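The values are calculated or read from the model by the stated rules, or taken from the named source; none is laboratory data. Only a predicted model underlies this, so the values are computations on that prediction, with no experimental measurement involved. No Cβ is skipped: glycine too gets one built from the backbone with ideal geometry, and neighbour counts run over all protein chains shown.
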Amino acid sequence: MNATRSPHQPHPAPAALCRIDTELGRITLAATGIGLCGLWFEGQRHLPDLARIPVREDHPLLNEAGAQLRQYFAGQRRAFNLPLDLSLGTRFQQGVWEALRGIEFGSTTTYGTLAARLGRPSAVRAVAAAVGRNPVSVIVPCHRVLGADGALTGYAGGLDRKHRLLELESA
């Protein structure tokens, strides 16, 4: 369901974006012709320059993503069913983001456990950096990753949002 690229293929650029208001603030969604490639909270770290991407309020994938997010925030959805385009990341980042998708709703893990699951137990910092660069927050559930002691750490959208997402999932 995710696009990957060979080292010789260019990254597809986002073709459209839209913005939706949620309980956790305004979210920007972006899509390529392949799938959803971005979900960023307003003001979050690592927000790309989106100035040249056209706003499309009528984009079918962005509308579906918005509908599924509204269901999630209302407690009516536990998983997302959307095509994703994660090809803007390196192969390592893509592997980390794919592993994030395996963390079940209502569950959490640690950066160390995630690194071990990826067969890279000594790469905790690299895994944490890749988690922090997740371009499709919430849908690729990076908020479910905690520090070694269970502390809330490292969420580009802000620790308050991470806490509220985990509360929503009762994790």
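Applying the selection to the range 56-81, what residues are polar (S, T, N, Q) and surrounded by 15 or more Cβ atoms within 10 Å (Cβ to Cβ)?
Across the range 56-81, the qualifying residues are N63, Q68.
So, in the range 97-108, of the ones that are without any contact (Cβ under 8 Å) to a residue 40 or more places away in the chain and part of a loop (DSSP other than H, G, I, E, B), which residue ends up surrounded by the fewest Cβ atoms within 10 Å (Cβ to Cβ)?
G102
For the range 127-152, how many residues are in contact with a strand residue (DSSP E or B) (Cβ under 9 Å, 6 or more places away or on another chain) and without any contact (Cβ under 8 Å) to a residue 24 or more places away in the chain?
Summing the residues that are in contact with a strand residue (DSSP E or B) (Cβ under 9 Å, 6 or more places away or on another chain) and without any contact (Cβ under 8 Å) to a residue 24 or more places away in the chain in the range 127-152 gives 2.
Can you pull out every residue in the range 45-68 that is outside any helix (DSSP H, G or I), out of contact with any helix residue (DSSP H, G or I) (no Cβ under 7 Å at 6 or more places or on another chain) and of a type in the set (D, E, K, R)?
Within the range 45-68, R45, D49, R52, E57, D58 meet the criteria.
Collect the residues in the range 105-153 that are at positive phi and over 14 Å from the mean Cα position of the chain (by Cα), keeping them in residue-number order.
Answer for the range 105-153, where residues must be at positive phi and over 14 Å from the mean Cα position of the chain (by Cα): G106, G119, G150.
So in the range 131-155, with the set limited to residues that are at pLDDT 95 or above and polar (S, T, N, Q), which one is surrounded by the fewest Cβ atoms within 10 Å (Cβ to Cβ)?
S137
What number of residues in the range 69-87 are part of a helix (DSSP H, G or I) and touching a residue at least 40 places away in the same chain (Cβ under 8 Å)?
So the answer is 4.
Can you find a residue in the range 88-96 that is touching a residue at least 60 places away in the same chain (Cβ under 8 Å), part of a loop (DSSP other than H, G, I, E, B) and hydrophobic (A, V, I, L, M, F, W, C)?
There is at least one residue in the range 88-96 that is touching a residue at least 60 places away in the same chain (Cβ under 8 Å), part of a loop (DSSP other than H, G, I, E, B) and hydrophobic (A, V, I, L, M, F, W, C).
Looking only at the range 121-130, which residues are surrounded by 15 or more Cβ atoms within 10 Å (Cβ to Cβ) and in a helix (DSSP H, G or I)?
V124, A126, V127, A128, A129, A130
Are any of the residues in the range 113-120 closer than 19 Å to H163 by Cβ and surrounded by fewer than 21 Cβ atoms within 10 Å (Cβ to Cβ)?
No, every residue in the range 113-120 fails to be closer than 19 Å to H163 by Cβ and surrounded by fewer than 21 Cβ atoms within 10 Å (Cβ to Cβ).
Go through (1) under 27 Å from A30 (Cα atoms); (2) more than 15 Å from the chain's Cα centre (by Cα); (3) of a type outside the set (A, V, I, L, M, F, W, C); (4) surrounded by 17 or more Cβ atoms within 10 Å (Cβ to Cβ) one by one and return the number of the condition R161 breaks.
The single condition R161 does not satisfy is (2).
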